[in-house]
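Notes to accompany the following structure.
The values are calculated or read from the model by the stated rules, or taken from the named source; none is laboratory data. What you are looking at is a predicted structure, and each value in this text was computed from that prediction instead of being measured. Cβ: placed from backbone, ideal geometry, glycine included. Neighbour counts: every protein chain shown. Accessible surface areas use protein heavy atoms only, side chains included; no ligands, DNA or RNA. Shrake-Rupley method; radii C 1.70, N 1.55, O 1.52, S 1.80 Å.
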Amino acid sequence: MPYWDNVRHRWLAVADAAERATNNAAAAGRPMPHVTMKPMSVVPLRRPRVPVAVTGLGGAGKTMLYDSLLGKVDLIDYRPKDRSDTVETHRTVIGTDSGKVRVKTIVVPGQWAGPKLDAFRRDFSESRMPSGVIHVVCWGYNRVWESYERQAVLDDLASTRGSGGVNLDVLRARNLDEELEDFRETCVRLKDAWKGRRGVWLIIAVAKCDLFWPGRNLARDYYIPATGRPASESRFCAVLRDLIGYVGEANLQDVAIVPVSCFPETYIFDTGIEQRSDIEPPQISSLVGSLRSVVGEFCAR
Amino acid sequence: MPDNNEMVPRESPTSGEDFEIALLQAESLLRDVDRSRARVRLTQALSLGIPLAVAVMLTLAIGAGSVGALTALILAAVCAALAALAVGWLQLFILVPAVRRIGRDERAMVEITGVLRELMGTVSEREGWSASRKHLARTRIARFPISSRGSR
């Protein structure tokens, strides 16, 4: 099956499983083998074998995503964490059908600041590179953390469109541009790290899909390149193709682009610029379980 | 009656020049914060060093000379009082104002750079910045912390 058809097929499998998930039979919708992820003991006796990095623009939900993979996010009662201003390090044991894998994961802060650059310099070099990267995107629903930052964004958008011209679509278009620029920069660093390396993998986790579940196919076509490179392809696809062309399809055989949601949370940017969550908790559990399966599958290879 | 959009004059969009002025201002604050932090570290070192030096010198002086117990006690008390005065003065007039200054400047700096990080993409696209200018601006912004860390 052609490269991108595989990626698209996996997206469809994950989305179908979530669609089938119900309150009584969440497990029935699980499309892949059961995988567990748990933190290693406080005093680990063995060193982690697989280095993994979680990247993405600020406010995409990287910290929550990894917490969710570890089973730390309670869908009934969870208080989202504040903005991460340092690199978070996790030592995790992933249990798969073929055994256990010890993984060291770093969650790189999204904001362009010292911690992010340090992490790129230290962990994305030829001598020390991640075997796998989970890059988190969110279809333009990034959280802008501080109220004065949100106001500055609104004021700037209003200055070119008029205050009545700023709506969710305008804001999302702006956020998608930011997300693309961040992905482009991440790819530049990955090219350094993965040049000529075999057996590396990439997962693009399209997070917060509870906010756009009915329109998820649009997101799928934005993030997953089509076989045959159509002219209307998104700029994101072009950047992704460029990375894979540089690293080599043979070296980067494992690529997955999957929808995921960790927590049903209404997106509120400002009065009138908001979007309600549109899926049920069992579907969220199914999506997280599917992503966990993909991570386990890739780490175990 | 004119609608609200016409009554309120539309703000001009953030320009590259505005961006540069704000970034220069933040860089100036960063220099001030770094200077204040160095002063705090020096003051902390002196606050430890002065009593230590006084104690060592006192021990040597008492050990070397043939002073009586009462004289040694009075000498020690006087030296301790002087050392405490010196340390108190350092804390009150150097350390506390420096820590306050760091907090104030850092809050302003973090707020300015937080806004600049959010606006850089739209400003650079609107004004058609070159790749090297974007890279330079991003690298300059990356020197700033994401949140205040106080006098540490």
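Of the peptides B:78-86, A:53-61, the ranking by mean beta-carbon count within 10 Å, highest at the top, reads A:53-61, B:78-86.
Rounded to the nearest 100 Å², what is the sum over both chains of accessible area buried where B meets A, with a probe of 1.4 Å? It comes to approximately 2200 Å² buried between B and A. In plain terms, if you count all Cα to Cα distances in chain B and split them into 10 Å steps from zero, the share in each step is 10, 24, 18, 16, 12, 9, 6, 4, 1, 0 percent. How big is the antiparallel share of DSSP beta bridges in the stretch A:199-296, given as a percent to the nearest 5? Of all bridge pairs located within the stretch A:199-296, approximately 35 percent are antiparallel.
Among A:117-126, B:63-72, A:85-94, the peptide with the highest mean count of other Cβ atoms within 10 Å heads the list, and the full ranking is A:85-94, A:117-126, B:63-72. Helices in chain A that qualify as membrane-span-like (whole DSSP H runs, Cα extent of at least 24 Å along the helix axis, mean Kyte-Doolittle hydropathy of 0.0 or higher) are A:281-300. For the protein assembly as shown, the Cβ-based charge dipole about the Cα centre amounts to some 2140 debye (Lys, Arg positive; Asp, Glu negative; other atoms uncharged). Quick one: compute the contact order of chain A, relative version, from alpha carbon pairs under 8 angstrom and 6+ residues apart, as a percent. Once divided by the residue count of chain A, the mean separation gives 27 percent. A simple count of charges around A:E126, restricted to other residues whose Cβ falls under 11 Å of its Cβ and scoring Lys, Arg +1 and Asp, Glu -1, yields +3.
Compactness of the protein assembly as shown was expressed as the Cα radius of gyration divided by 2.2 N^0.38 Å, which yields 1.23.
Averaging 1/r over each pair of different alpha-carbon atoms in the stretch B:99-148 and inverting the result gives 11.8 Å, the Kirkwood hydrodynamic radius. Taking all Cα pairs closer than 8 Å and separated by 6 or more residues, the relative contact order of chain B comes to 40 percent.
Beyond a 23 Å Cα-Cα separation, which of these cross-linked pairs lie in this structure: A:K62/A:K116; A:K62/A:K195; A:K100/A:K208; A:K208/B:K134; A:K116/A:K191? From the list (A:K62/A:K116; A:K62/A:K195; A:K100/A:K208; A:K208/B:K134; A:K116/A:K191), the Cα-Cα distance tops 23 Å for A:K62/A:K195; A:K100/A:K208; A:K208/B:K134. Counting protein heavy atoms only, the protein assembly as shown has 55 percent of its accessible area on carbon and sulfur, 1.4 angstrom probe. Most simply put, chain A has about 40% antiparallel DSSP beta bridges, counting only bridges with both residues inside it. Accessible surface area normalised per residue over the stretch A:1-149 is 49 Å², counting heavy atoms of protein chains with a 1.4 Å rolling probe. Residue by residue along A:103-112, Cβ atoms of other protein chains within 10 Å of the local Cβ number 3 on average. Rolling a 1.4 Å probe across all protein chains gives A:F263 an accessible area of roughly 30 Å². Shielding of peptide B:105-116 by partners, expressed as the average count of other chain Cβ atoms within 10 Å per residue Cβ, is 3. Springs between alpha-carbon atoms under 10 Å, Gaussian network over chain A: tell me which of A:I76, A:I257, A:I268 tops the mean-square fluctuations. Answer for the Gaussian network model of chain A: A:I76. Membrane-span-like helices in chain B, defined here as complete DSSP H runs extending at least 27 Å along the helix axis by their C-alpha atoms with mean Kyte-Doolittle hydropathy no lower than 1.0, are B:69-90; this is a sequence and geometry rule, not a statement about a membrane.
Put the Cα centre of the stretch A:222-281 next to the Cα centre of the stretch A:129-180 and the gap is 15 Å. Shape analysis of the stretch A:16-171 based on the Cα gyration tensor places the equivalent ellipsoid semi-axes at 33, 24, 14 Å, largest first.
Using only alpha-carbon positions in the stretch A:70-112, the gyration tensor eigenvalues give semi-axes of 24, 18, 6 Å once each is multiplied by 5 and square-rooted (largest first). In the elastic network of chain B, a GNM with C-alpha springs shorter than 10 Å, the most mobile of B:I141, B:I74, B:I112 is B:I74. With the alpha-carbon atoms of the stretch A:167-266 aligned to their principal axes, the span from lowest to highest coordinate is 43, 30, 25 Å, starting with the largest.
For the protein assembly as shown, adding -39500 (n - 2.57) for each run of n ≥ 4 DSSP H residues and dividing by the number of residues yields -17500 deg cm²/dmol at 222 nm.
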